[in-house]
1. If you average the C-alpha positions of region B:357-435 and of region B:28-90 separately, how far apart do those two centres end up, in angstrom?
2. Using the Cα centre of chain B as origin and beta-carbon charges of +1 (Lys, Arg) and -1 (Asp, Glu), tell me which of B:V333, B:A289, B:P385 is placed farthest towards the positive end of the dipole.
3. Please determine, in degrees from 0 to 90 and to the nearest 10, the orientation of helix A:72-102 with respect to the longest principal axis defined by the Cα atoms of chain A, where the helix direction is its Cα long axis.
4. So what's the angle, to the nearest 10 degrees on a 0 to 90 scale, between helix A:7-25 and the longest Cα principal axis of chain A?
5. Given H placed 1.01 Å from N in the peptide plane, which residues other than close sequence neighbours of B:I14 have an amide H under 5 Å from its amide H?
6. For B:E393 and B:F12, FRET efficiency with R0 = 60 Å and r from the beta-carbon atoms, rounded to 0.05?
7. Any idea of the accessible area per residue across chain A, 1.4 Å probe, to the nearest Å²?
8. Taking the dipole about the Cα centre of chain A, with the C-beta of Lys and Arg at +1 and of Asp and Glu at -1, give me whichever of A:L46, A:G5, A:V33 is farthest to the positive side.
Amino acid sequence: MELLGHYNYYVVVILMMIGLYTIIARGNLVKKVIGLNIFQTSVFILFISLGKISGASTPVWRDGVEVYSNPLPHVLILTAIVVGVATTSVALALAVRIHEAYGSLDDDELRGSHGPDDSIT
Amino acid sequence: MSYHFGNWPPPFGIEYRVDAVNALLALLISGVALFLLPWAKTSVNLEIPERQGPFYALFLLALSGLMGITLTGDAFNVFVFLEISSLSTYALIAHGQDRRALKAAFRYLIMGTIGATFFLIGIGFLYAMTGTLNMADLAERLPEVRDSNVVHAALAFIVVGLGLKLALFPLHLWLPNAYAFAPNFITAFLAATATKVALYVMLRFIFTVFSPEFSFTAMPLAAVLMTLAIAGMVAGSWVAMFEVNLKRLLAYSSVAQVGYMVLGVSLVTAAGVAAGILHLFNHALMKAALFAALGTIYYQIGSVRLTEIAGMGRHMPWTFTAFALAGLSLIGVPLTAGFTSKWYLVIAALDAGQPWLIVIIMATSLLAIYYIWRVVEAAWFHDTPEGAALPNEAPLSLLVPLWVLVALNFYFGLDTRLNVGGAEAAARTLIGGAP
(Lines give C-alpha, C1' and ligand atoms only; values in the text may rest on other atoms or scores of the structure.)
Protein backbone atom coordinates (compact mmCIF):
# COMPACT_ATOMS: atom_id res chain seq x y z
CA MET A 1 0.00 0.00 0.00
CA GLU A 2 2.80 2.35 0.97
CA LEU A 3 4.54 1.62 -2.31
CA LEU A 4 1.48 2.33 -4.42
CA GLY A 5 0.74 5.45 -2.38
CA HIS A 6 3.88 7.05 -3.73
CA TYR A 7 2.97 6.24 -7.31
CA ASN A 8 3.29 9.87 -8.49
CA TYR A 9 6.78 10.17 -7.13
CA TYR A 10 7.98 7.06 -8.94
CA VAL A 11 6.65 8.55 -12.15
CA VAL A 12 8.49 11.78 -11.36
CA VAL A 13 11.79 10.01 -10.81
CA ILE A 14 11.42 7.86 -13.93
CA LEU A 15 10.51 10.84 -16.11
CA MET A 16 13.38 12.85 -14.64
CA MET A 17 15.88 10.15 -15.48
CA ILE A 18 14.48 9.70 -19.01
CA GLY A 19 14.79 13.45 -19.53
CA LEU A 20 18.34 13.73 -18.20
CA TYR A 21 19.43 10.67 -20.14
CA THR A 22 18.02 12.13 -23.34
CA ILE A 23 19.84 15.43 -22.80
CA ILE A 24 23.14 13.67 -22.20
CA ALA A 25 22.98 10.80 -24.66
CA ARG A 26 21.26 12.23 -27.73
CA GLY A 27 23.33 14.08 -30.28
CA ASN A 28 20.52 15.86 -32.06
CA LEU A 29 19.93 19.31 -30.59
CA VAL A 30 16.15 19.13 -31.01
CA LYS A 31 16.10 15.81 -29.16
CA LYS A 32 18.08 17.47 -26.38
CA VAL A 33 15.37 20.12 -26.16
CA ILE A 34 12.73 17.40 -25.94
CA GLY A 35 14.72 15.76 -23.15
CA LEU A 36 14.88 19.09 -21.36
CA ASN A 37 11.11 19.37 -21.64
CA ILE A 38 10.54 15.91 -20.18
CA PHE A 39 12.94 16.76 -17.36
CA GLN A 40 11.08 19.97 -16.57
CA THR A 41 7.68 18.27 -16.79
CA SER A 42 8.73 15.73 -14.18
CA VAL A 43 9.39 18.59 -11.77
CA PHE A 44 6.00 20.08 -12.55
CA ILE A 45 4.35 16.77 -11.64
CA LEU A 46 6.37 16.73 -8.41
CA PHE A 47 4.98 20.12 -7.42
CA ILE A 48 1.41 19.27 -8.40
CA SER A 49 1.61 16.05 -6.36
CA LEU A 50 2.62 18.08 -3.34
CA GLY A 51 -0.58 20.11 -3.54
CA LYS A 52 -2.92 17.12 -3.68
CA ILE A 53 -4.74 16.21 -0.50
CA SER A 54 -6.50 12.84 -0.66
CA GLY A 55 -10.26 13.22 -0.71
CA ALA A 56 -10.02 16.94 -1.35
CA SER A 57 -11.78 18.86 -4.06
CA THR A 58 -10.50 21.39 -6.56
CA PRO A 59 -9.70 24.69 -4.90
CA VAL A 60 -12.84 26.48 -6.10
CA TRP A 61 -15.19 27.84 -3.43
CA ARG A 62 -18.58 26.08 -3.38
CA ASP A 63 -21.12 24.71 -0.93
CA GLY A 64 -20.79 21.32 0.64
CA VAL A 65 -17.04 21.01 0.21
CA GLU A 66 -14.92 20.92 3.34
CA VAL A 67 -11.43 20.05 2.14
CA TYR A 68 -9.69 21.79 -0.74
CA SER A 69 -6.44 20.93 -2.46
CA ASN A 70 -3.60 23.39 -1.97
CA PRO A 71 -3.76 25.83 -4.90
CA LEU A 72 -0.35 27.41 -4.36
CA PRO A 73 1.71 24.69 -6.13
CA HIS A 74 -0.64 24.97 -9.10
CA VAL A 75 0.06 28.68 -9.34
CA LEU A 76 3.79 28.14 -8.99
CA ILE A 77 3.77 25.53 -11.72
CA LEU A 78 1.73 27.76 -13.99
CA THR A 79 4.63 30.21 -13.75
CA ALA A 80 7.17 27.44 -14.23
CA ILE A 81 5.32 26.17 -17.31
CA VAL A 82 5.49 29.66 -18.81
CA VAL A 83 9.20 29.72 -18.06
CA GLY A 84 9.54 26.27 -19.64
CA VAL A 85 7.73 27.37 -22.81
CA ALA A 86 9.97 30.42 -23.04
CA THR A 87 13.06 28.26 -22.58
CA THR A 88 11.89 25.85 -25.27
CA SER A 89 11.21 28.64 -27.73
CA VAL A 90 14.61 30.24 -27.16
CA ALA A 91 16.26 26.83 -27.51
CA LEU A 92 14.42 26.07 -30.75
CA ALA A 93 15.20 29.53 -32.12
CA LEU A 94 18.87 28.89 -31.39
CA ALA A 95 18.60 25.47 -33.02
CA VAL A 96 17.19 27.08 -36.17
CA ARG A 97 20.05 29.60 -36.24
CA ILE A 98 22.60 26.81 -35.67
CA HIS A 99 21.09 24.88 -38.56
CA GLU A 100 21.34 27.98 -40.77
CA ALA A 101 24.95 28.59 -39.78
CA TYR A 102 26.25 25.01 -39.83
CA GLY A 103 23.80 23.09 -41.97
CA SER A 104 23.51 20.42 -39.30
CA LEU A 105 21.89 19.80 -35.96
CA ASP A 106 23.99 16.84 -34.92
CA ASP A 107 26.30 17.37 -32.00
CA ASP A 108 29.08 15.17 -33.41
CA GLU A 109 29.08 16.97 -36.73
CA LEU A 110 29.07 20.39 -35.04
CA ARG A 111 31.97 19.46 -32.86
CA GLY A 112 35.45 19.50 -34.29
CA SER A 113 34.45 21.54 -37.34
CA HIS A 114 36.71 24.32 -36.09
CA GLY A 115 40.17 24.84 -34.75
CA PRO A 116 41.42 24.35 -31.21
CA ASP A 117 39.05 26.96 -29.76
CA ASP A 118 36.28 24.52 -30.20
CA SER A 119 37.59 21.62 -28.23
CA ILE A 120 35.46 21.62 -25.12
CA THR A 121 31.84 20.63 -25.21
CA MET B 1 14.21 47.11 4.72
CA SER B 2 11.22 45.23 3.44
CA TYR B 3 8.69 45.84 0.67
CA HIS B 4 5.49 43.82 0.36
CA PHE B 5 4.14 43.15 -3.10
CA GLY B 6 0.51 44.21 -3.51
CA ASN B 7 0.39 44.91 0.25
CA TRP B 8 0.11 41.22 1.09
CA PRO B 9 2.05 40.77 4.29
CA PRO B 10 4.69 38.00 4.20
CA PRO B 11 4.78 35.03 4.41
CA PHE B 12 1.66 35.05 2.21
CA GLY B 13 2.73 37.72 -0.25
CA ILE B 14 6.03 38.11 -2.04
CA GLU B 15 8.47 40.16 -0.09
CA TYR B 16 11.47 42.20 -1.18
CA ARG B 17 13.99 42.45 1.57
CA VAL B 18 17.25 44.40 1.64
CA ASP B 19 19.94 43.78 4.23
CA ALA B 20 23.70 44.21 4.43
CA VAL B 21 24.35 41.29 2.07
CA ASN B 22 22.20 42.05 -0.92
CA ALA B 23 22.60 45.83 -0.57
CA LEU B 24 26.28 45.35 -1.47
CA LEU B 25 25.36 43.05 -4.37
CA ALA B 26 22.70 45.43 -5.69
CA LEU B 27 25.21 48.29 -5.53
CA LEU B 28 27.75 46.17 -7.39
CA ILE B 29 25.38 45.15 -10.19
CA SER B 30 23.95 48.60 -10.79
CA GLY B 31 27.44 50.12 -10.48
CA VAL B 32 28.94 47.74 -13.03
CA ALA B 33 26.08 48.42 -15.44
CA LEU B 34 26.48 52.17 -14.90
CA PHE B 35 30.22 52.19 -15.59
CA LEU B 36 30.08 49.72 -18.49
CA LEU B 37 27.25 51.32 -20.47
CA PRO B 38 29.17 54.43 -21.61
CA TRP B 39 31.90 52.10 -22.84
CA ALA B 40 29.37 49.77 -24.46
CA LYS B 41 27.94 52.29 -26.94
CA THR B 42 30.94 52.36 -29.26
CA SER B 43 31.72 48.67 -28.90
CA VAL B 44 28.13 47.61 -29.61
CA ASN B 45 27.97 49.89 -32.65
CA LEU B 46 30.75 47.84 -34.19
CA GLU B 47 29.63 44.37 -33.18
CA ILE B 48 25.85 44.65 -33.52
CA PRO B 49 25.27 47.14 -36.31
CA GLU B 50 21.60 46.25 -36.76
CA ARG B 51 18.64 45.92 -34.44
CA GLN B 52 20.26 47.52 -31.43
CA GLY B 53 16.87 48.21 -29.85
CA PRO B 54 16.08 44.58 -28.99
CA PHE B 55 19.70 44.08 -27.94
CA TYR B 56 19.58 46.82 -25.32
CA ALA B 57 16.09 45.71 -24.28
CA LEU B 58 17.46 42.20 -23.63
CA PHE B 59 20.34 43.69 -21.69
CA LEU B 60 17.94 45.66 -19.48
CA LEU B 61 15.88 42.50 -18.98
CA ALA B 62 18.99 40.60 -17.88
CA LEU B 63 19.92 43.46 -15.57
CA SER B 64 16.48 43.61 -13.97
CA GLY B 65 16.49 39.82 -13.59
CA LEU B 66 19.80 39.95 -11.74
CA MET B 67 18.58 42.80 -9.53
CA GLY B 68 15.40 40.84 -8.82
CA ILE B 69 17.33 37.74 -7.73
CA THR B 70 19.38 39.92 -5.42
CA LEU B 71 16.53 41.76 -3.75
CA THR B 72 13.77 39.19 -3.42
CA GLY B 73 12.99 37.45 -0.15
CA ASP B 74 10.94 34.69 -1.73
CA ALA B 75 12.48 31.38 -2.77
CA PHE B 76 10.27 30.77 -5.79
CA ASN B 77 10.71 34.34 -6.92
CA VAL B 78 14.46 33.64 -7.10
CA PHE B 79 13.78 30.88 -9.62
CA VAL B 80 11.60 33.13 -11.78
CA PHE B 81 14.16 35.93 -11.84
CA LEU B 82 16.94 33.42 -12.41
CA GLU B 83 15.16 32.28 -15.55
CA ILE B 84 14.38 35.85 -16.67
CA SER B 85 18.04 36.82 -16.47
CA SER B 86 19.25 33.50 -17.92
CA LEU B 87 16.90 33.50 -20.91
CA SER B 88 17.87 37.02 -21.89
CA THR B 89 21.51 36.09 -21.36
CA TYR B 90 21.26 33.15 -23.78
CA ALA B 91 19.83 35.47 -26.42
CA LEU B 92 22.52 38.08 -25.74
CA ILE B 93 25.32 35.53 -26.08
CA ALA B 94 23.84 34.38 -29.39
CA HIS B 95 24.35 37.95 -30.66
CA GLY B 96 28.09 37.25 -30.95
CA GLN B 97 29.52 37.70 -34.43
CA ASP B 98 31.16 34.31 -34.62
CA ARG B 99 28.76 31.49 -35.47
CA ARG B 100 30.21 29.51 -32.59
CA ALA B 101 28.37 31.97 -30.34
CA LEU B 102 25.18 30.11 -31.25
CA LYS B 103 26.58 26.80 -30.12
CA ALA B 104 27.93 28.33 -26.93
CA ALA B 105 24.53 29.89 -26.20
CA PHE B 106 22.77 26.57 -26.84
CA ARG B 107 25.06 24.67 -24.49
CA TYR B 108 24.71 27.35 -21.85
CA LEU B 109 20.93 27.10 -22.27
CA ILE B 110 20.94 23.34 -21.72
CA MET B 111 23.24 23.48 -18.70
CA GLY B 112 21.61 26.58 -17.25
CA THR B 113 18.13 25.11 -17.52
CA ILE B 114 19.24 21.89 -15.84
CA GLY B 115 20.74 24.00 -13.05
CA ALA B 116 17.62 26.09 -12.63
CA THR B 117 15.41 23.00 -12.64
CA PHE B 118 17.56 21.36 -9.95
CA PHE B 119 17.12 24.53 -7.93
CA LEU B 120 13.36 24.26 -8.49
CA ILE B 121 13.35 20.65 -7.24
CA GLY B 122 15.14 21.81 -4.10
CA ILE B 123 12.57 24.52 -3.50
CA GLY B 124 9.80 21.96 -4.06
CA PHE B 125 11.23 19.73 -1.33
CA LEU B 126 11.51 22.68 1.03
CA TYR B 127 7.93 23.66 0.33
CA ALA B 128 6.78 20.10 0.91
CA MET B 129 8.42 20.05 4.34
CA THR B 130 7.53 23.54 5.56
CA GLY B 131 4.62 24.84 3.51
CA THR B 132 6.22 28.21 2.97
CA LEU B 133 8.35 29.91 0.36
CA ASN B 134 9.39 33.04 2.22
CA MET B 135 13.10 32.81 3.07
CA ALA B 136 12.82 34.23 6.58
CA ASP B 137 9.84 32.00 7.29
CA LEU B 138 11.69 28.98 5.88
CA ALA B 139 14.60 29.71 8.19
CA GLU B 140 12.23 29.64 11.19
CA ARG B 141 10.45 26.45 10.25
CA LEU B 142 13.31 24.34 8.93
CA PRO B 143 14.93 23.50 12.29
CA GLU B 144 11.85 21.44 13.27
CA VAL B 145 12.23 19.15 10.27
CA ARG B 146 15.95 19.31 9.67
CA ASP B 147 16.61 15.62 10.39
CA SER B 148 14.52 14.44 7.48
CA ASN B 149 16.15 13.12 4.32
CA VAL B 150 14.00 15.42 2.22
CA VAL B 151 15.68 18.52 3.65
CA HIS B 152 19.11 16.99 3.06
CA ALA B 153 18.16 16.28 -0.54
CA ALA B 154 16.80 19.82 -0.89
CA LEU B 155 20.12 21.33 0.16
CA ALA B 156 21.99 19.02 -2.22
CA PHE B 157 19.75 19.91 -5.18
CA ILE B 158 19.98 23.63 -4.47
CA VAL B 159 23.77 23.59 -4.12
CA VAL B 160 24.27 21.57 -7.31
CA GLY B 161 21.79 23.70 -9.26
CA LEU B 162 23.43 26.93 -8.20
CA GLY B 163 26.86 25.38 -8.65
CA LEU B 164 26.01 25.06 -12.34
CA LYS B 165 24.99 28.70 -12.47
CA LEU B 166 28.05 30.05 -10.70
CA ALA B 167 30.46 27.86 -12.70
CA LEU B 168 31.83 26.01 -9.70
CA PHE B 169 34.42 23.49 -10.88
CA PRO B 170 33.60 20.91 -12.42
CA LEU B 171 30.29 22.46 -13.49
CA HIS B 172 32.01 25.30 -15.35
CA LEU B 173 32.13 23.78 -18.84
CA TRP B 174 29.58 26.19 -20.30
CA LEU B 175 31.48 29.27 -19.20
CA PRO B 176 34.63 29.54 -21.37
CA ASN B 177 32.84 29.32 -24.71
CA ALA B 178 29.90 31.46 -23.60
CA TYR B 179 32.29 34.22 -22.51
CA ALA B 180 34.59 33.80 -25.49
CA PHE B 181 31.97 34.21 -28.21
CA ALA B 182 29.51 36.64 -26.64
CA PRO B 183 29.73 40.31 -27.72
CA ASN B 184 32.48 42.00 -25.71
CA PHE B 185 30.11 44.21 -23.78
CA ILE B 186 28.01 41.22 -22.72
CA THR B 187 31.10 39.27 -21.69
CA ALA B 188 32.27 42.13 -19.49
CA PHE B 189 28.84 42.52 -17.93
CA LEU B 190 28.26 38.79 -17.34
CA ALA B 191 31.72 38.18 -15.98
CA ALA B 192 31.19 40.96 -13.48
CA THR B 193 27.67 40.08 -12.37
CA ALA B 194 26.01 36.79 -13.38
CA THR B 195 28.19 34.29 -11.53
CA LYS B 196 28.37 36.67 -8.56
CA VAL B 197 24.61 36.72 -8.21
CA ALA B 198 24.45 32.92 -8.31
CA LEU B 199 27.08 32.82 -5.56
CA TYR B 200 25.00 35.27 -3.52
CA VAL B 201 21.92 33.03 -3.84
CA MET B 202 24.01 30.07 -2.70
CA LEU B 203 25.25 32.01 0.33
CA ARG B 204 21.70 33.10 1.08
CA PHE B 205 20.45 29.53 1.06
CA ILE B 206 23.38 27.96 2.88
CA PHE B 207 23.51 30.54 5.64
CA THR B 208 20.16 32.28 5.97
CA VAL B 209 17.67 29.60 4.95
CA PHE B 210 19.42 26.43 6.10
CA SER B 211 21.55 28.01 8.85
CA PRO B 212 25.28 27.25 9.01
CA GLU B 213 24.84 24.63 11.75
CA PHE B 214 22.74 22.52 9.41
CA SER B 215 24.69 23.14 6.21
CA PHE B 216 28.10 22.48 7.65
CA THR B 217 27.47 20.08 10.53
CA ALA B 218 24.72 17.81 9.31
CA MET B 219 26.07 17.89 5.76
CA PRO B 220 29.78 17.77 4.76
CA LEU B 221 29.33 20.91 2.69
CA ALA B 222 32.47 22.71 3.88
CA ALA B 223 34.75 19.86 2.78
CA VAL B 224 32.98 19.52 -0.57
CA LEU B 225 33.10 23.23 -1.31
CA MET B 226 36.72 23.54 -0.27
CA THR B 227 37.83 20.62 -2.44
CA LEU B 228 35.95 21.93 -5.47
CA ALA B 229 37.21 25.47 -4.86
CA ILE B 230 40.85 24.37 -4.76
CA ALA B 231 40.38 22.13 -7.79
CA GLY B 232 38.79 25.04 -9.64
CA MET B 233 41.57 27.45 -8.65
CA VAL B 234 44.31 25.13 -9.83
CA ALA B 235 42.60 23.78 -12.95
CA GLY B 236 41.27 27.16 -14.07
CA SER B 237 44.62 28.90 -13.71
CA TRP B 238 46.43 25.96 -15.31
CA VAL B 239 44.27 25.95 -18.44
CA ALA B 240 44.47 29.76 -18.63
CA MET B 241 48.25 29.52 -18.85
CA PHE B 242 48.10 27.75 -22.22
CA GLU B 243 45.12 29.50 -23.77
CA VAL B 244 45.82 31.66 -26.83
CA ASN B 245 42.41 33.25 -27.18
CA LEU B 246 42.53 36.01 -24.58
CA LYS B 247 38.80 36.00 -23.90
CA ARG B 248 38.93 32.29 -23.12
CA LEU B 249 42.04 32.91 -21.04
CA LEU B 250 40.15 35.39 -18.87
CA ALA B 251 37.13 33.08 -18.79
CA TYR B 252 39.22 30.25 -17.33
CA SER B 253 40.72 32.75 -14.94
CA SER B 254 37.12 33.52 -13.87
CA VAL B 255 36.65 29.84 -13.02
CA ALA B 256 39.75 30.08 -10.84
CA GLN B 257 38.57 33.30 -9.19
CA VAL B 258 35.18 31.76 -8.38
CA GLY B 259 37.30 29.17 -6.57
CA TYR B 260 38.81 31.89 -4.35
CA MET B 261 35.35 33.15 -3.39
CA VAL B 262 34.02 29.68 -2.61
CA LEU B 263 37.20 28.91 -0.69
CA GLY B 264 36.56 31.90 1.57
CA VAL B 265 33.02 30.72 2.17
CA SER B 266 34.08 27.13 2.86
CA LEU B 267 36.15 28.26 5.85
CA VAL B 268 32.81 28.94 7.62
CA THR B 269 34.21 31.74 9.74
CA ALA B 270 33.04 35.33 9.70
CA ALA B 271 36.46 36.35 8.35
CA GLY B 272 36.34 33.69 5.62
CA VAL B 273 32.87 34.63 4.42
CA ALA B 274 33.84 38.30 4.50
CA ALA B 275 36.91 37.51 2.37
CA GLY B 276 34.72 35.57 -0.08
CA ILE B 277 32.25 38.44 -0.44
CA LEU B 278 35.07 40.96 -0.69
CA HIS B 279 36.66 38.96 -3.48
CA LEU B 280 33.28 38.73 -5.18
CA PHE B 281 33.09 42.53 -5.20
CA ASN B 282 36.69 43.12 -6.24
CA HIS B 283 36.72 40.40 -8.86
CA ALA B 284 33.71 42.04 -10.52
CA LEU B 285 35.75 45.25 -10.77
CA MET B 286 38.82 43.54 -12.23
CA LYS B 287 36.99 41.41 -14.74
CA ALA B 288 34.85 44.34 -15.89
CA ALA B 289 38.05 46.33 -16.50
CA LEU B 290 39.93 43.42 -18.12
CA PHE B 291 37.12 42.45 -20.49
CA ALA B 292 36.53 46.12 -21.32
CA ALA B 293 40.23 46.39 -22.20
CA LEU B 294 39.96 43.27 -24.37
CA GLY B 295 36.88 44.71 -26.04
CA THR B 296 38.83 47.86 -26.81
CA ILE B 297 41.66 45.79 -28.26
CA TYR B 298 39.15 43.88 -30.35
CA TYR B 299 37.63 47.17 -31.54
CA GLN B 300 40.99 48.31 -32.92
CA ILE B 301 42.62 45.07 -34.05
CA GLY B 302 39.64 42.81 -34.76
CA SER B 303 41.04 39.86 -32.84
CA VAL B 304 41.97 38.89 -29.31
CA ARG B 305 44.34 36.05 -30.16
CA LEU B 306 47.74 36.16 -28.57
CA THR B 307 49.58 35.90 -31.89
CA GLU B 308 47.75 38.82 -33.40
CA ILE B 309 48.27 41.32 -30.61
CA ALA B 310 52.05 40.84 -30.80
CA GLY B 311 53.82 44.16 -30.64
CA MET B 312 50.56 46.14 -30.55
CA GLY B 313 51.33 47.53 -27.08
CA ARG B 314 53.67 50.04 -28.70
CA HIS B 315 50.90 51.28 -31.00
CA MET B 316 48.07 51.36 -28.47
CA PRO B 317 49.87 52.15 -25.22
CA TRP B 318 46.86 53.48 -23.33
CA THR B 319 44.72 50.41 -24.01
CA PHE B 320 47.39 47.87 -23.18
CA THR B 321 48.52 49.78 -20.09
CA ALA B 322 44.93 49.66 -18.86
CA PHE B 323 44.91 45.89 -19.48
CA ALA B 324 48.21 45.45 -17.64
CA LEU B 325 47.07 47.54 -14.65
CA ALA B 326 43.78 45.63 -14.37
CA GLY B 327 45.87 42.46 -14.68
CA LEU B 328 47.94 43.58 -11.69
CA SER B 329 44.70 43.79 -9.74
CA LEU B 330 43.82 40.26 -10.84
CA ILE B 331 47.20 38.99 -9.68
CA GLY B 332 46.82 40.79 -6.36
CA VAL B 333 49.64 43.31 -6.36
CA PRO B 334 49.56 45.72 -3.38
CA LEU B 335 47.63 48.99 -3.86
CA THR B 336 45.04 47.22 -6.00
CA ALA B 337 41.61 45.86 -5.09
CA GLY B 338 42.80 42.33 -5.84
CA PHE B 339 45.43 42.62 -3.14
CA THR B 340 42.97 43.48 -0.36
CA SER B 341 40.75 40.50 -1.01
CA LYS B 342 43.65 38.05 -1.26
CA TRP B 343 45.11 39.55 1.92
CA TYR B 344 41.84 39.02 3.79
CA LEU B 345 41.59 35.50 2.36
CA VAL B 346 45.07 34.65 3.63
CA ILE B 347 44.30 36.10 7.07
CA ALA B 348 41.04 34.16 7.20
CA ALA B 349 42.84 30.92 6.27
CA LEU B 350 45.37 31.55 9.08
CA ASP B 351 42.61 32.28 11.59
CA ALA B 352 40.77 29.13 10.63
CA GLY B 353 43.93 27.15 11.37
CA GLN B 354 44.50 26.05 7.77
CA PRO B 355 47.83 27.67 6.88
CA TRP B 356 48.42 25.21 4.02
CA LEU B 357 45.74 27.04 2.07
CA ILE B 358 48.07 30.02 1.83
CA VAL B 359 50.47 27.94 -0.24
CA ILE B 360 47.70 27.17 -2.72
CA ILE B 361 46.54 30.80 -2.85
CA MET B 362 50.11 31.93 -3.52
CA ALA B 363 50.74 29.21 -6.09
CA THR B 364 47.63 30.03 -8.11
CA SER B 365 48.51 33.73 -7.89
CA LEU B 366 51.87 32.84 -9.43
CA LEU B 367 50.04 31.13 -12.27
CA ALA B 368 48.00 34.33 -12.67
CA ILE B 369 51.24 36.32 -12.94
CA TYR B 370 52.31 33.97 -15.70
CA TYR B 371 49.17 34.23 -17.82
CA ILE B 372 48.90 38.00 -17.47
CA TRP B 373 52.63 38.29 -18.23
CA ARG B 374 52.19 36.34 -21.50
CA VAL B 375 49.86 39.07 -22.71
CA VAL B 376 52.19 41.87 -21.61
CA GLU B 377 55.15 40.10 -23.19
CA ALA B 378 53.34 39.59 -26.47
CA ALA B 379 52.07 43.15 -26.56
CA TRP B 380 55.36 44.90 -25.88
CA PHE B 381 58.28 42.57 -26.45
CA HIS B 382 57.26 40.63 -29.55
CA ASP B 383 57.54 42.05 -33.05
CA THR B 384 54.38 42.89 -34.90
CA PRO B 385 53.44 40.17 -37.39
CA GLU B 386 54.53 40.79 -40.98
CA GLY B 387 52.05 42.70 -43.06
CA ALA B 388 49.65 43.41 -40.18
CA ALA B 389 47.85 46.73 -40.33
CA LEU B 390 49.21 48.92 -37.56
CA PRO B 391 46.37 50.13 -35.38
CA ASN B 392 45.98 53.57 -33.90
CA GLU B 393 45.06 54.27 -30.34
CA ALA B 394 41.43 53.47 -29.54
CA PRO B 395 38.85 56.30 -29.61
CA LEU B 396 38.32 58.30 -26.45
CA SER B 397 34.73 57.06 -26.10
CA LEU B 398 36.25 53.65 -25.30
CA LEU B 399 39.37 54.77 -23.46
CA VAL B 400 37.77 57.10 -20.92
CA PRO B 401 35.25 54.59 -19.49
CA LEU B 402 37.95 51.91 -19.57
CA TRP B 403 40.32 54.02 -17.51
CA VAL B 404 37.51 54.87 -15.09
CA LEU B 405 37.08 51.11 -14.52
CA VAL B 406 40.82 50.67 -14.02
CA ALA B 407 40.90 53.61 -11.63
CA LEU B 408 38.12 51.99 -9.60
CA ASN B 409 40.37 48.96 -9.11
CA PHE B 410 42.98 51.18 -7.53
CA TYR B 411 40.48 53.30 -5.61
CA PHE B 412 39.03 50.24 -3.89
CA GLY B 413 42.53 48.99 -3.18
CA LEU B 414 43.42 52.17 -1.32
CA ASP B 415 40.14 53.28 0.23
CA THR B 416 38.65 50.04 1.48
CA ARG B 417 35.91 51.47 3.67
CA LEU B 418 33.09 50.60 1.26
CA ASN B 419 34.10 47.15 0.06
CA VAL B 420 35.76 45.74 3.19
CA GLY B 421 33.24 47.36 5.53
CA GLY B 422 30.37 46.17 3.37
CA ALA B 423 31.73 42.64 3.11
CA GLU B 424 32.28 42.39 6.87
CA ALA B 425 28.79 43.66 7.64
CA ALA B 426 27.41 41.16 5.11
CA ALA B 427 29.36 38.28 6.67
CA ARG B 428 28.11 39.22 10.15
CA THR B 429 24.53 39.21 8.87
CA LEU B 430 24.97 35.82 7.19
CA ILE B 431 26.74 34.10 10.09
CA GLY B 432 24.49 35.75 12.65
CA GLY B 433 21.47 33.88 11.32
CA ALA B 434 18.19 35.73 10.79
CA PRO B 435 18.28 38.32 7.99
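1. Here the answer is 22 Å between Cα centres.
2. Farthest towards the positive end: B:P385.
3. It works out to around 10 degrees.
4. For A:7-25 against chain A, the angle is about 10 degrees.
5. Residues meeting the amide H criterion: B:F5.
6. Details: r = 59 Å, r/R0 = 0.98.
The formula returns an efficiency of 0.50 here.
7. Accessible area per residue, chain A: 58 Å².
8. Ranked along the dipole, the leading option is A:G5.
The values are calculated or read from the model by the stated rules, or taken from the named source; none is laboratory data. What you are looking at is a predicted structure, and each value in this text was computed from that prediction instead of being measured. Positions of Cβ are backbone-derived with ideal geometry, glycine not excepted, and every protein chain shown enters the neighbour counts. To get the accessible areas, we keep the full protein, side chains included, count just its heavy atoms, and leave off ligands, DNA and RNA. Shrake-Rupley method; radii C 1.70, N 1.55, O 1.52, S 1.80 Å.
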